[in-house]
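In what follows, a structure is listed as structure tokens, so that the remarks can point back to it.
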Amino acid sequence: RRVALDLTGLPPSPELVAEFVKDQSPNAYEKLVDRLLQLSAYGERWTRMWLDLARYADSDGYEKDNVRPHAWRYRQWVIDALNNDMPFDRFTIAQMAGDLLPGATVEDRVATGFHRNVLTNREAGVDRAEARYEQLINRTQTLGTTWLGLTVGCAQCHDHKYDPFSQREFYQLYAFFNEADDVDIDAPLPGERGPYLKALPGYRRDREKLLNEYKVPELQARWEEKMRRAYAKPGEDAEFDFWITSMSAMVDHAMRMLHKKPAERTQQEADILTDYFVGNPGPEFGRDKELTAKLKELRGKLTDLKKTMPFLTQAYTIGVNPDHPKTYITIRGDYKALGIAVQPG
């Protein structure tokens, strides 16, 4: 009973107890341990310990605390890693930088979801640069705590008082994460991809038909133009300033997608922008009650259409940041007070 609870978190089944009691061989206990290690419950039990270190959660945290519907995909990766006896060095490398492995697989990339467990502040009034800085600080601190067993976070603002760890070294570690970016990928489970791909052409055709019927392409183009102008000239239109702030908080990489030419956007980016526009048409169209009602009607139809699509699992991962930002030591940990530049190290 004790070993079953320890390895699986569950009491032994009556059948397992009866089988063990009847086994008079000298290695009966060893065989019992081997059998328990083969159960999926073993990985599920011990994954819980790792998820605490990985600060795993199914929601963003902070005031809005939005749900993360695909967070479980990383959790499943950890369960599978433990049940498959993945070596700890491979376990480490995949979570730290699985996307950079030669010939990285979907599972290698899913492992980097370790870094996506960081809190995400979607409050509209938050400075997005500050929010990103705090996330990168957390990723650096978590690396130090989980793998190095060091309080490297003390060096965010100054050289460590007790450990031989400088502020420069802290930001050299930080630089690795500064060169990465959040990326959501398709990470289907066995049996999902075939039905999804079969239904996809019909879905895309029906979606485009609906969007054209409600004249979304023309309306969205006008809305995007207004949004880009508001971003370039803050203070010119207070209403659009608010929508820029709100969209930046609620949609990851919103401004990057908004400033891409439509032909350069991925299908996922195009869908994200269109869906956001249909649900949030902004102040100009929002004053047109008839148009607002039509867009609300369209939103319902798009939602119903989406429900007809076979489910395809996604995962939150990280990849290379296309902006290639430089990293600087911050003076006393103030994200606005930049000191000397450093390289990853």
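Solvent-accessible area per residue in the stretch 242-285 equals 45 Å², computed with a 1.4 angstrom probe and all protein chains kept. Among 97-104, 139-146, the peptide with the highest mean count of other Cβ atoms within 10 Å heads the list, and the full ranking is 139-146, 97-104. Taking the longest Cα principal axis of the chain as reference, the axis of helix 238-250 is set at about 20 degrees. Note on the chain: helix-only mean residue ellipticity at 222 nm, from DSSP H runs of 4+ residues weighted -39500 (n - 2.57) and normalised by residue number, equals -17000 deg cm²/dmol. Note on the stretch 164-259: with neighbouring protein chains present and a 1.4 Å probe, carbon and sulfur make up 56 percent of its accessible heavy-atom surface. For the stretch 123-184, the relative contact order works out to 26 percent when only alpha carbon pairs closer than 8 Å and six or more residues apart are counted. Entry comment: accessible area of the stretch 154-235 is 60 Å² per residue, from protein heavy atoms only and a probe of 1.4 Å. For the stretch 133-209, a crude dipole built from +1 on the beta carbon of Lys and Arg and -1 on the beta carbon of Asp and Glu, taken about the Cα centre, is about 420 debye to the nearest 20. Surface composition of the stretch 1-128: carbon plus sulfur atoms contribute 56% of the solvent-accessible area (1.4 Å probe, protein chains only, all chains present).
For helix 216-232, what angle does its Cα long axis make with the longest principal axis of the chain, in degrees from 0 to 90 and rounded to 10? With rounding to tens, the tilt is 90 degrees. Between the amide H of Val183 and those of Thr317, Ile318, Gly319, distances stay under 5 Å, these residues lying 5 or more places away or on another chain, with hydrogens modeled in the peptide plane.
For a quick check of your reading of the filter: which trypsin sites (Lys or Arg not before Pro) in the stretch 270-317 sit in a DSSP loop and have no more than 16 other Cβ atoms within 10 Å? When the trypsin sites (Lys or Arg not before Pro) of the stretch 270-317 are filtered for loop state and at most 16 Cβ neighbours within 10 Å, Arg287 remain.
In the stretch 89-182, with Lys and Arg counted as +1 and Asp and Glu as -1 at Cβ, which of these residues, Ala124, Met96, Cys154, has the Cα nearest the positive end of the dipole, that is, farthest along it? Of the options given, the answer is Cys154. For Lys261, the lysines whose Cα falls under 23 Å of its own Cα, not counting residues fewer than eight places away in the same chain, are Lys209, Lys215, Lys226, Lys233. Measuring r between the beta carbons of Gln24 and Glu208 and using R0 = 56 Å, the FRET efficiency lands at 0.20. In the stretch 74-135, which GluC sites (Glu not before Pro) fall in coil by DSSP and have 16 or fewer other Cβ atoms within 10 Å? Answer by residue number: Glu123. Entry comment: accessible area of the stretch 1-102 is 63 Å² per residue, from protein heavy atoms only and a probe of 1.4 Å.
Loop-only check: which GluC sites (Glu not before Pro) in the stretch 180-276 are DSSP coil with at most 13 other Cβ within 10 angstrom? Answer in residue order: Glu236. Residues whose amide H lies under 5 Å from that of Thr330, counting only those 5 or more places away or on a different chain, are Gly339; hydrogens are built 1.01 Å from N in the peptide plane.
The values are calculated or read from the model by the stated rules, or taken from the named source; none is laboratory data. Just so it is clear, the model here is predicted, and its values are computed rather than measured. As a convention, Cβ positions derive from the backbone with ideal geometry for all residues, glycine included, and neighbour counts pool all protein chains shown. With ligands, DNA and RNA removed, areas are computed over all heavy atoms of the protein, side chains included. Shrake-Rupley method; radii C 1.70, N 1.55, O 1.52, S 1.80 Å.
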